[in-house]
Amino acid sequence: MAEPSGAAADAPVELDTMPGDDAETARYQGRRRRQDRLPGRVRAAGWLTLLGVALIVALLLIAVPRLFTATEGRQSLLPPAPDTSAFTDGPTNGDAPPSAGASTGPSASANPSRRPSAKPSTSAGGQPPSTAGPNPLTPSTDPTGSPTGPPPPQTVRYEAEAAVLVHAVVQTNHSGYTGSGFVDYANEAGGSILWTVTPTRAGSATLRFRFANGTSNGRPMNVVVNDTVVASPVFSGTGDWDSWQALTVTVTLNAGANTVRAVAASASGGPNVDHLEVVS
């Protein structure tokens with residue numbers, strides 16, 4: 001058989017294809033197209049991820065400062081913390097629960113063993129322990145709470161017209177006296193006024209005589225306490241019989257009743273005497 005020559009020999013030879021080959025080719029081309037589009041989708045997904053991360057970071061940058069600001073605002077509205085400088089740590093006296101209605105604050109629940117340092121410790125039975133000796137800066141007191149020191153001096157008045165008189169009379173012919181009158185001595189020695197007095201307490205006492213002497217000459221008298229002469233004062237002139245002055249004598253009186261006599265020691269007698277006051 002003779003071989004073709006010329007153009008017929010150079011022409012491509014077309015091979016016959018089966019219908020199944022076209023379907024396979026179409027599937028192959030479809031896979032190639034999908035593979036070609038895959039890098040673009042990956043890049044798009046990456047960009048979307050970066051955009052989401054950037055959005056989250058931006059939201060955090062906005063929200064976090066606002067959160068701190070809101071927290072500080074709430075803290076400023078809270079009440080101040082209680083001052084615990086007056087408390088000391090230590091066990092409480094007993095484990096009894098608080099009574100009904102008792103207030104329990106945050107500090108009490110946080111540390112229930114805290115108690116005021118100024119609270120004195122107690123012995124068995126709940127009584128404060130005794131101290132050794134009294135406080136020199138605090139005056140001692142009796143069970144009623146009153147000071148046990150000496151009471152203040154008290155003054156008791158004894159009118160002369162109510163006393164026992166010897167060579168003396170009650171008069172009212174001059175003004176300024178107390179009570180119902182005064183006593184006028186006779187112009188002789190030996191006249192006397194006798195009082196019975198009871199001091200508020202035994203010991204030193206002051207006798208205060210209220211008198212008037214309208215002359216310019218002093219009139220001496222003997223002061224006799226419980227039958228003993230304790231002083232001999234001179235009752236000087238007071239200007240007139242209506243002017244009254246006081247003369248004091250310090251004596252010692254017993255507990256209970258004491259006798260006090262004022263005895264004229266000159267022939268002129270004694271001054272006019274209004275009353276006797278005993279300060280004890």
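The values are calculated or read from the model by the stated rules, or taken from the named source; none is laboratory data. Since the structure is predicted, the reported quantities are computational estimates derived from the model, not experimental observations. Here the Cβ positions follow ideal geometry from the backbone for every residue, glycine too, while neighbour counts run over all protein chains shown.
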- Say we look at region 266-280 and pick out the residues that are surrounded by fewer than 20 Cβ atoms within 10 Å (Cβ to Cβ) and closer than 19 Å to Ser232 by Cβ; which of these is farthest from the chain's Cα centre (by Cα)? Ala267
- Those residues that are more than 11 Å from Val263 (Cβ to Cβ), in contact with a Phe, Trp or Tyr (Cβ under 9 Å, 6 or more places away or on another chain) and surrounded by 14 or more Cβ atoms within 10 Å (Cβ to Cβ), I need them from region 185-203; list them, please. Trp195, Val197
- Query: Could you say which residue among Ala168, Ala212, Ala231, Ala160 is more than 13 Å from Pro271 (Cα to Cα), in the same structural domain as Asn254 (by TED's automatic domain parsing) and of a type outside the set (D, E, K, R)?
  - Reply: Ala231
- Message: Regarding region 235-248, can at least one residue be identified that is within 11 Å of Gly270 (Cα to Cα), more than 53 Å from the chain's Cα centre (by Cα) and surrounded by fewer than 15 Cβ atoms within 10 Å (Cβ to Cβ)?
- Response: no
